[in-house]
Amino acid sequence: MMESWSFLDTDESNFRPLVVIELAKGTKEETIEWFTKRIMDKKAHGGAQLLIKPLITENGVENTYLVGASHLRLLLGAETVGLVKECSDNSMRTFTYSSRKTFKHFADDNHNFLTMAECQYIIKHELENLRAKNEKMIPGYPQAKLYPGKSIVRRLLTSGILVQIFPLHDREELKKLRHSWYGRVKVGYQPLDDIRCYFGETIALYFGFLEYFTFALIPMAVIGIPYYVFAWEDYDKYVMFATFNLLWSTVILEVWKRICAILTYRWGTLLMKRQFEEPRPGFHGVLGINPVTGREEPVYSSIKRQLRIYLVSLPFVCLCLYFSLYVMMIYFDLEQWALDYHKENESNFSTLMLYVPSIIYAVVIEIMNRIYRYAAEFLTSWENHRLESSYQNHLILKVLVFNFLNCFASLFYIAFVLFDMKLLRQSLATLLITSQILNQFAESLLPYWLQKRYKRRMKKRKCSQKTDTDLSLAEQVNMEKEMGTYLGTFDDYLELFLQFGYVSLFSCVYPLAAVFAVLNNITEIYSDALKMCRVYRRPFAEPTANIGVWQLAFETMSVISVVTNCILIGMSPQVDALFPDSKVDLVLTVALVEHLLLAIKFIMAFVIPDKPRDIQTKLSKLEFESLEALKQQVRAFKMQLHFLSIHH
C-alpha cells in the first residue's frame, strides 16, 4: 500500500472538478497558500495528494477552488474508505488496489468504475482527514488554534475561514436522472440504483423506504374505503379493521428489514466496516489524550455533560411538553365554543366553523414543532457530545418525544378521556390533511419557487437564456453556491414517522387515513425528487446499511399502536356488551388480549429473518474466506520466523 502512495501520479491533464471549496472573502494569502499546499502535498508528508485549481471567473480569481484527483488516487482512496464493489464472480468484496483486476467492469482506462458520488465521498474523506502536524495555529489567524491530529478542515469551518465544501452536480447525468425519476408521470418503481449512483446510499435508502411504505399502505387504504363508505357510524365493525392494523404494522417493518438488506448488499454498504468515529466538528474541551487512539484532542467531562442533560435539557423538554398540553386545552375550549355556536345557529357557516379549531390547532402544532426543533438542536449542541452518532441520537430522542406528544396528545385525550369517537375522527382527519398540506408547501413548493426566482434573476443579470447544461463551469459553480443546503433525511423520516402514527394508532376510527397517506406519499416522491435535483446543492454521498435509529422509532410506534387499538376495541359497544355485569372482567380481558398480541408481534419479529437466506449465506461465506485468509497469513508469518531462526 505504501509503495502505491509513493509513486502516485498527480497528472493534471485530465483534471475533473468534483468538489468545490469556498473560502471567506478577504482570506489571507498565506492561509490560502498553506491550505492548498496541504491539499496537494504527498500522503507521506501529511497531505491529501489531491488536485486543486482556483475558479477563474469574469472578475478574475475568487476565493473558490475546485478539487479533483487522478484516477489512481481515487482507486487508492476507495481502498482507504473500504468501498465494496462487485467481483467478476458476482460476489461483493471490499475493494483493494492489488486485486483490482478481479472486480467487474474494472479496466485501467475505465474512469467510470467508481461512480461520481463515490469519487466525491473519497475526496471528502481525504479532506476531512487532513490533520495538523506541528502547526500551533492556522497561518495568518493566531486565534484559530491547532494541535497535532486536529482536523484542519473542521478548524477552518469553525473559525469561519472556510465557508462551505460541496460536491458539484454533473449536469448531463442529472438531466438523465430527472427524466427517469420524475420527468414524466408514470406508475412504476423509482430508479433507486440510479439515485444511489448519483446521491449515495443514505438518500437512495430514504426514497426506497418512502416507496416501500407507500406500497405497504395500499392494503390498509383498500380495506379502509369500504369501511368508510358502508359502516361510517357503526364502530363495532372496526374491530376486524383494528386487528388487521396490528398485524400489518408488524409485518411491514419486518419485511422492510429484508428489503433493506437486499438493497444495501447490492450497493455494497451492508459489508462496509464501521470506521472509528472522530470527534464531531462542534465538540470542544480542554486539550488531552484520547486513551483509545493516543492522539491529542479536546476532552470534556462526561459528568458535566450529564449535568447539562439532566439539569437543563430535561427540565426544558418537560416545560415544552407542559406548554404543548396547555395549548391542547385551549384547543378543546375552542372546540366547545364552535360546538355551542353550531347548536345556536344550525347553518352552513356554523357547520364549517366546527372544523376551524382543528385547522388552527394543526397549524399551531406545525409551528411549535419547527420552533422546538431549533431549540432542541441548540440544546443538543450545547450538551457538547463528542461523537456525531451520540449527538444525533439525543437530538432525535428530544424531537420525537415532543412531536409525539404535540401531534397525538389531543387524540389520546379525545379517545380515552372524552370518549368522543366522532370528534376523534374529525380531529384525526383535520390534523393529518392539514399537516400534509403544510409540509408539502414548506419543504418543496416554497424552496422551489424561491430557487426559480433566483434563477430568473441570474439569467436577467447575465442577459442569457442558457439551459442548465449550457452553463459554463464558473456559472454553474456560482449558481450552486447560492442554492440551499440539504440538511439530511431527518425531517423526511420524521414526517413519515408521524404519518405512520396517524395511520396505525387510530385509523380504525378513521379508515381513510391510509388513503390520504398514500396520496400524500405519491406527491411526496415527486416533490422530494424535484427538491433534490432542482432546489438544493448536491449533498455528499454517505454510505449506510440501514435507516438507523428510525427503524427503532417505527417499531416503538407499532408497539404503542397495539395498546391503543386494543383499548379502542375494548371500548366498542360490541365488546362492552359481552361483559354486562363486570367492567373489571372487561379490563382484564382487554389487557390479556393486548399482551397476547404483543407476544405474537414479538414472535413474528423473531421468526421473520432480518436478511434473506441467500444473503445470509453469502455473508457467512465471505466471513469464512476472510478467516481462512487470516489463517494463511499467520501460517506464512510463522514459517518466515521459523526460517529466520534456523539461519540465525
Fill in the blank from the handout: For Glu366, the lone unmet condition from (1) modelled with pLDDT of 90 or more; (2) open to solvent by less than 50 Å² (accessible area, probe 1.4 Å); (3) not hydrophobic (A, V, I, L, M, F, W, C) is (1)
Practice task
Kindly provide the set of residues from the range 531-554 that are open to solvent by 10 Å² or more (accessible area, probe 1.4 Å), out of contact with any helix residue (DSSP H, G or I) (no Cβ under 6 Å at 6 or more places or on another chain) and assigned to a helix (DSSP H, G or I), ordered by number.
Solution key: Arg534, Gln551, Leu552
Exercise for the section: Would you check if Glu86 is on the phi < 0 side of the Ramachandran plot, open to solvent by 50 Å² or more (accessible area, probe 1.4 Å) and at pLDDT 90 or above? Expected result: no
Fill in the blank from the handout: Pro580 fails exactly one of (1) exposed (fewer than 15 other Cβ atoms within 10 Å of the Cβ); (2) in a helix (DSSP H, G or I), namely (2)
Practice task
Tell me, yes or no, whether the range 133-151 has at least one residue that is open to solvent by 60 Å² or more (accessible area, probe 1.4 Å), part of a helix (DSSP H, G or I) and out of contact with any Lys or Arg (no Cβ under 7 Å at 6 or more places or on another chain).
Solution key: no
Practice task
Considering every residue within the range 488-496, establish whether at least one is open to solvent by 10 Å² or more (accessible area, probe 1.4 Å) and not in a helix (DSSP H, G or I).
Solution key: yes
Practice task
Pull up the range 185-214, narrow it to residues that are open to solvent by less than 50 Å² (accessible area, probe 1.4 Å) and in a loop (DSSP other than H, G, I, E, B), then point me to the one that is nearest to Tyr265 (Cα to Cα).
Solution key: Gly200
Exercise for the section: Consider Tyr121 carefully, then state whether it is of a type outside the set (D, E, K, R) and part of a helix (DSSP H, G or I). Expected result: yes
Problem - In the range 601-624, the residues that are open to solvent by less than 60 Å² (accessible area, probe 1.4 Å) and over 26 Å from Val251 (Cα atoms) - result: Leu622
Handout entry: Tally, over the range 62-73, of residues that are in a helix (DSSP H, G or I) and surrounded by fewer than 22 Cβ atoms within 10 Å (Cβ to Cβ)
Key = 2
Practice task
Please go through the range 20-37 and pick out each residue that is of a type in the set (S, T, N, Q) and either outside any loop (DSSP other than H, G, I, E, B) or touching a Pro at 6+ places or on another chain (Cβ under 9 Å) (or both).
Solution key: Thr31, Thr36
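Among the residues of the range 409-439, how many are open to solvent by 10 Å² or more (accessible area, probe 1.4 Å) and either over 24 Å from Leu496 (Cβ atoms) or polar (S, T, N, Q) (or both)?
Narrowing the range 409-439 to residues open to solvent by 10 Å² or more (accessible area, probe 1.4 Å): 409, 412-413, 416-423, 425-426, 429-430, 433-439.
Next, from what is left, pick out any that are either over 24 Å from Leu496 (Cβ atoms) or polar (S, T, N, Q) (or both): 413, 416-423, 426, 430, 434-436, 439.
Residues meeting the conditions: 15.
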Fill in the blank from the handout: If we keep only residues of the range 95-113 that are in contact with a helix residue (DSSP H, G or I) (Cβ under 8 Å, 6 or more places away or on another chain) and under 17 Å from Leu271 (Cβ atoms), then the residue most open to solvent (accessible area, probe 1.4 Å) is Thr96
Practice task
Look at Tyr182 and say whether it is of a type outside the set (S, T, N, Q), open to solvent by 30 Å² or more (accessible area, probe 1.4 Å), closer than 30 Å to Leu519 by Cβ and outside the structural domain of Phe540 (by the TED database).
Solution key: yes
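Out of all the residues in the range 581-620, which are among the basic types (Lys, Arg), over 30 Å from Ile569 (Cβ atoms) and in contact (Cβ under 8 Å) with a residue 12 or more places away in the chain?
Lys611, Lys618
With of a type in the set (S, T, N, Q), more than 22 Å from Thr564 (Cα to Cα) and either in contact with a strand residue (DSSP E or B) (Cβ under 6 Å, 6 or more places away or on another chain) or surrounded by 18 or more Cβ atoms within 10 Å (Cβ to Cβ) (or both) as the only criterion, which of Asn384, Asn406, Asn345, Asn393 stands out?
Asn384
Among the residues of the range 342-372, count how many are outside any helix (DSSP H, G or I) and polar (S, T, N, Q). Even if it seems obvious, please write down each step before you answer.
Restricting attention to the range 342-372, the residues satisfying the condition of being outside any helix (DSSP H, G or I) are 346-347, 354-355.
Filter again for polar (S, T, N, Q), leaving 347.
Qualifying residue count for the region: 1.
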Problem - Flag if Ile262 is at pLDDT 75 or above and surrounded by fewer than 17 Cβ atoms within 10 Å (Cβ to Cβ) - result: yes
Handout entry: Single unsatisfied condition, Arg534 versus (1) in contact (Cβ under 8 Å) with a residue 40 or more places away in the chain; (2) under 20 Å from Phe213 (Cα atoms)
Key = (2)
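The values are calculated or read from the model by the stated rules, or taken from the named source; none is laboratory data. From a predicted model like this one, the values you see are computed outputs, not experimental measurements. No Cβ is skipped: glycine too gets one built from the backbone with ideal geometry, and neighbour counts run over all protein chains shown. Please note that ligands, DNA and RNA were not included when accessible areas were found on the heavy atoms of the full protein model with its side chains. Shrake-Rupley method; radii C 1.70, N 1.55, O 1.52, S 1.80 Å.
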